[in-house]
Amino acid sequence: MKRTKLWMVLAGAALAVLPAWWIGKTPRRVSGKQSEAEAAVPAAVARVRRGPMENSLTTAGEFKPFQDVDVHAKVSGYIRTIYVDVGDHVKEGQLIAVLEVPELAAQLAGAEAAERRAESAHAAAHAACERLQQAAATKPGLVAQQEIDDARAKDEESEGQVASARAAFSSAQQQLQIAQANQKQYGALSNYTRIVAPFAGVITTRYADTGALIAAGTASSAQSMAVVHLAEISKLRLVLPIPESMAAQIHVGDPVKVHVQALDQDIVGKVARFADSLDLQTRTMKTEIDFDNRNGRLISGMYAETTLTLRAKRDALSVPLEAVRRNGDDATVLAVTAENVVEERHVKLGLESSSRVEVLSGLSENDEVIIGNRTDFRNGEKVVPKEIAASGGATEGAR
């Protein structure tokens, strides 16, 4: 009897537990909205925003003297005296060296003597011509009492003497002009024995010493040796190689920010000139910026890192570079709609900086675009957008 009651109690307990166990095994039905939320994947997004933007180019350049020349002699000769050495600062027109040219001195002396002889001959011929002209003028009165034929003969003789004297005078005058020209030529060459600075600068190299034989600068480069090398360093050129893709955007007056690594200083300049043609080997265009260096803080040959601003806008609509995919001239972004759906859009691009690119069409301000690995997302896919702040941190939560 007791055993029968025990089995009845156990059976009742089993019947009480079975419905609860069956309910736990039965799948629960969830709403459609909850299912979609579980299916959506998180996506890092950035907002389309407006702000100042510039298209700039960062490149390295080298400072060079504004003028840089080898100073040659105009005539050949020996250096009698040289007045400068490496590191000396000279003014424009300052005497650098004096040459000794014995042959030129002899030629100059001969030319001066020839000029004096020509002057004497000219003076004698001139005096003789004047006397004969005076005699011819007074002769008609003197021969008025003589025979007519005799007078004519003497008159013709007098005219012939006057013509001869005039010819002698003309010849002497030509000889004088030749002598004077030779004297000027040798005198000018004599002045070339004084070698002077063509502009103010510093002597960077001295090629010759006292007594060295210097060939004329008009000779071939193999025979001609310069006396010194002169560089103008009070004003320097910063030479930049601009790549072909950006050469057309260069304009005179464009601002340039320069960081001189050796001095750890930043200076600002403007484009002064550019070649307006490309180097066929490097496919770059030489562009120059001038810098005042009267204080001597910059040294020729120093390298500098430059940032050249090509174009700038104060209120440009832009997105991060990593949000854009390019295929030739076509560009697309993955935008996230108000319903959190991925939508591929074609955009037209403008200015480009190191981190952002301007969007001219295809997006509006405050639109959200996916950044990062675009291959993880498909057009029409549901996502949970998580905005990435400008500093790089994520903004918690979706909109």
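Expressed as a whole percent, how much of the Cα-Cα distance distribution for segment 186-340 exceeds 26 Å? Across segment 186-340, Cα pairs with separations above 26 Å total 57 percent.
Placing dummy labels 7 Å off each Cα toward the beta-carbon, the span from Glu244 to His259 is 3.0 nm.
None of the figures in this text is laboratory data; all of them are computed from the coordinates on show. Note that the coordinates shown come from a computational prediction; the quantities given were computed from them, not determined experimentally. Neighbour counts are summed over all protein chains in view; Cβ atoms, including those assigned to glycine, are modelled from backbone coordinates with ideal geometry.
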